[in-house]
Structures are given as C-alpha cells and as structure tokens.
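What follows is one structure encoded as structure tokens, with my remarks underneath.
Here, each number is a calculation from the coordinates, and none is a lab measurement. Model, not experiment: these values are computed from the prediction.
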Amino acid sequence: LVERSKTQGALEFDKDDDVAVDFVLCASNLRSKAFGIEMQTLFRCKEIAGNIIPAIATTNAIIAGAMVLEALKIMDGRLQDCRTFYKHREPTGRKSLILIPSDMDGP
C-alpha cells in the first residue's frame, strides 16, 4: 500500500481490490481480537463492504423525503404539524415503522 500510494497518490478503497480488502480485513480482525469481537472472513468483509454504499444511499433518500414533507408543512404555514424523525437501524417487525416521528422542540 505504501508503494502504491507513492505511484498513485491518494488511495481509494475498492471492494474488488484484493490488497485493499486484505488490509481492511487484517486491521478489522486485529481490532476485533483486541475487543473480544468475532473475527470475520474475507468473504464476509467483501459482503459488508458491498453493502455500505447502498445503505448510505437508501438512508439519504429516506431522510431527504422526510425533509421535503416537513418543508411542505412549513410552506403551508403549518409549523405546529412539523415533526422530528428518528430512524430505526432496521424494521422492528411486520408493518413496523422505520421512521419514528416526534414533536419538535420550540425555538
């Protein structure tokens, strides 16, 4: 990685780059061992890395949609109807809410 950084400049993580994935796997397994967390396999490391970008994009889309709905309330003059939202990490069951609305604190 050091030699590569000298020739290519800044390094980027790519889940299909074996050297980068091996480095991340080794570093994360060292940290896992130090904190008593289950170590991961190379396959699992690639699987986790492949899920990061879609998870970020999905979360951003959910939050952007909630912001638009709240902005529409403000534009309509319904400030009392505005809410703050908290997102669960994952659905908590059948027909469960991902976003939990909560009343906003006053200014």
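Largest first and to the nearest Å, give the Cα extent of segment 1-65 along each principal axis.
Each principal axis gives a Cα extent; for segment 1-65 these are 44, 36, 19 Å.
Which aspartates and glutamates have a Cα less than 12 Å from the Cα of K73, not counting those fewer than 8 places away in the same chain?
Partners found: D81.
Give me the number: length gained by fully extending V68 to S102, i.e. 0.36 nm times residue separation minus the C-alpha to C-alpha distance, one decimal in nm.
10.6 nm is the gain from fully extending V68 to S102.
Taking a cut-off of 29 Å between Cα atoms, list the lysines near K15, but don't count ones fewer than 8 places away on the same chain.
K6, K33, K46, K87
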